[in-house]
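**Q** Take a look at the following structure, please.
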Amino acid sequence: MIVKSENQINILREGGRRLSTVLHQVIKKVAHGVSARELDALALKLITDFGDTPSFLNYTPKGAERPYPATLCVSINDEIVHGIPNEKEKILKEGDIVSLDIGLWHEGICVDMAVTVPVGEISEENKKLIETTKKSLEIGIDECRIGNKINDIGCAIEKFVKPLKYGIVEDLGGHGVGAKVHETPYIANFCVKEDSPKIVEGMVLALEPMLNLGSKHVVLDDDGYTFKTSDGKNSAHFEHTVLVTEGGPEIITAFNY
């Protein structure tokens, strides 16, 4: 999406503020013994209390055989993204890491974000994975400047991550967002040789690097949505909705408290 009017930008900002508020409250409930189903129910309640609509619930992305059945994606440990929270019993336990991915519609504009958080005390290896993935998102966001190209985002992320020996997921990436849940351009998290679109003022982009402790390769679970690491090692995932402005990238879904 390319926003052009001040009204669109205000709606976008308010949607981002609401979504980050919702996710902040969900994160506070993450603890040993809590079920993914409980987190999903809380996310749905908070979004609807705002008068907004979950963007994932009943959404059918390209290639899927059925609509997504939940408000929140809850992906634990080796689950990279799109973990379904409310079909199988998924209980968080001490030492887990969990990706929480969420989106909403506010006055016709969609925003999207994700974080990976610890469940209690986690290993140093998992701490480093989370920190590195979060930093890679920050590095990608810094490339969202007028005159750059979309590929500059992935090249910057790969340059940072490659020496650290993490697997950069290549089968999944970021995307445009705003008028739809998923829009062009596709945003790879690694350096792509092909030419790519220029970044222009008003672009709304959802950047979401995914890093694995081991292999970059993924497998799709039988549920048709949950992507897992091929070697069973843990993965982390962060995402923000970003508006390209004349003054640089604006993080629409930033935590502002």
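**Q** Here is a list of conditions, (1) surrounded by 23 or more Cβ atoms within 10 Å (Cβ to Cβ); (2) in a strand (DSSP E or B), and Pro85 meets all of them except one; can you say which number that is?
**A** (2)
**Q** Could you go through region 117-132 and let me know if any residue there is assigned to a loop (DSSP other than H, G, I, E, B), of a type in the set (S, T, N, Q) and in contact (Cβ under 8 Å) with a residue 12 or more places away in the chain.
**A** Looking through region 117-132, at least one residue is assigned to a loop (DSSP other than H, G, I, E, B), of a type in the set (S, T, N, Q) and in contact (Cβ under 8 Å) with a residue 12 or more places away in the chain.
**Q** Same structure, new question: For region 88-101, what are the residues that are at pLDDT 95 or above and surrounded by fewer than 20 Cβ atoms within 10 Å (Cβ to Cβ)?
**A** Scanning region 88-101 gives Ile91, Lys93, Glu94, Gly95, Asp96.
**Q** Something else now. State the number of residues belonging to region 227-251 that are part of a loop (DSSP other than H, G, I, E, B) and surrounded by fewer than 22 Cβ atoms within 10 Å (Cβ to Cβ).
**A** 6
**Q** Given Ile146, Ile97, which one is over 23 Å from His24 (Cβ atoms) and aliphatic (A, V, I, L, M)?
**A** Ile146
**Q** If you take the residues in region 19-37 that are in a helix (DSSP H, G or I) and over 16 Å from the mean Cα position of the chain (by Cα), which one is farthest from Glu250 (Cα to Cα)?
**A** In this case the residue turns out to be Arg37.
**Q** Six or more apart or on different chains, Cβ atoms under 7 Å: show the pairs whose first residue is in region 49-70 and at negative phi and among the small types (Gly, Ala, Ser) and whose second is in a loop (DSSP other than H, G, I, E, B) and surrounded by fewer than 17 Cβ atoms within 10 Å (Cβ to Cβ).
**A** Ala64/Gly224
**Q** Kindly indicate whether any position in region 187-200 is in a strand (DSSP E or B), on the phi < 0 side of the Ramachandran plot and either surrounded by 23 or more Cβ atoms within 10 Å (Cβ to Cβ) or of a type in the set (Phe, Trp, Tyr) (or both).
**A** yes
The values are calculated or read from the model by the stated rules, or taken from the named source; none is laboratory data. If you're wondering where the values come from, they're calculated on a predicted model, not measured in any experiment. Counting neighbours? That spans all protein chains shown, and the Cβs are built from the backbone with ideal geometry, glycine included.
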